[in-house]
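J.: My questions all concern the structure below.
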Amino acid sequence: MQNRFNFRAALKTENFAIIVPVESVETYFYTMRFELIKDIFEKKYPKNSFDDFINDLNKQNYLEDIFKDEIWVFTKDFTNLMQSTGVYDSTKFKDLSPVLQQEWLQEHKAEDWPGIEIFEGDVTEIKYRKDHYSYGVVSYSTCAAGYDRGGTSLGSYQKKTKVVGNIFEGYPDAAKYDVDFYFRNIGEAD
């Protein structure tokens, strides 16, 4: 089922970056579950201090304030939010890590796997022929009133598209040119 009203937040500091599902988005803030942020951080950075991460987050320019009870994040802007495109990539269930397979199987069947949900800011890879790939950053196009990746409609190559990273946490070296191109052209007309 497509849901373009799903959001994720990239919580990034100088040393750490995690992507966390957002509970709700309001006019001046968004909310996340504190326990989930802590769980995601500790899985990704098991040898680092979560309290240090929260203290560093409080210093970020895009954040106004963080309340630790439920994690209400008051923002100065929403540049760290990633909205769902409503499109899923071509990743097969068998290609997921055992951990991701187990997470999916807790509430679903393997045959119901739709692919990885694609969000704004994701870096995608399209395989055109043997050993030939094209990369792009998913962004909203005001001209097309929809999402694209490097000028190509996101749904056009859905069956050949895979999410390989994002602009906040990282991406393959092969995508560097396309990510740099994306950052050079932010704010320009589509």
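The values are calculated or read from the model by the stated rules, or taken from the named source; none is laboratory data. None of the values given here were measured: they were computed from a predicted structure. All Cβ positions, glycine included, derive from the backbone under ideal geometry; neighbour counts span all protein chains shown.
J.: Among the numbered conditions (1) within 14 Å of Met82 (Cα to Cα); (2) loosely packed, with under 13 Cβ neighbours inside 10 Å; (3) hydroxyl-bearing (Ser, Thr, Tyr), tell me where Tyr30 comes up short.
T.: (2)
J.: Still on this model: What are the pairs with Cβ atoms under 8 angstrom where one residue, in the range 94-107, is in the same structural domain as Lys43 (by TED's automatic domain parsing) and charged (D, E, K, R) and the other, located anywhere, is at pLDDT below 95 and surrounded by 10 or more Cβ atoms within 10 Å (Cβ to Cβ)? Sequence gap at least six, or different chains.
T.: Note: no pairs meet the criteria.
J.: Still on this structure: Failed condition for Ile71, given (1) at pLDDT 90 or above; (2) under 19 Å from Leu11 (Cβ atoms), with all others met?
T.: Answer for Ile71: the failing condition is (1).
J.: Only one residue in Ile118, Ile186 is β-branched (Val, Ile, Thr) and at pLDDT 75 or above. Which one?
T.: Ile118
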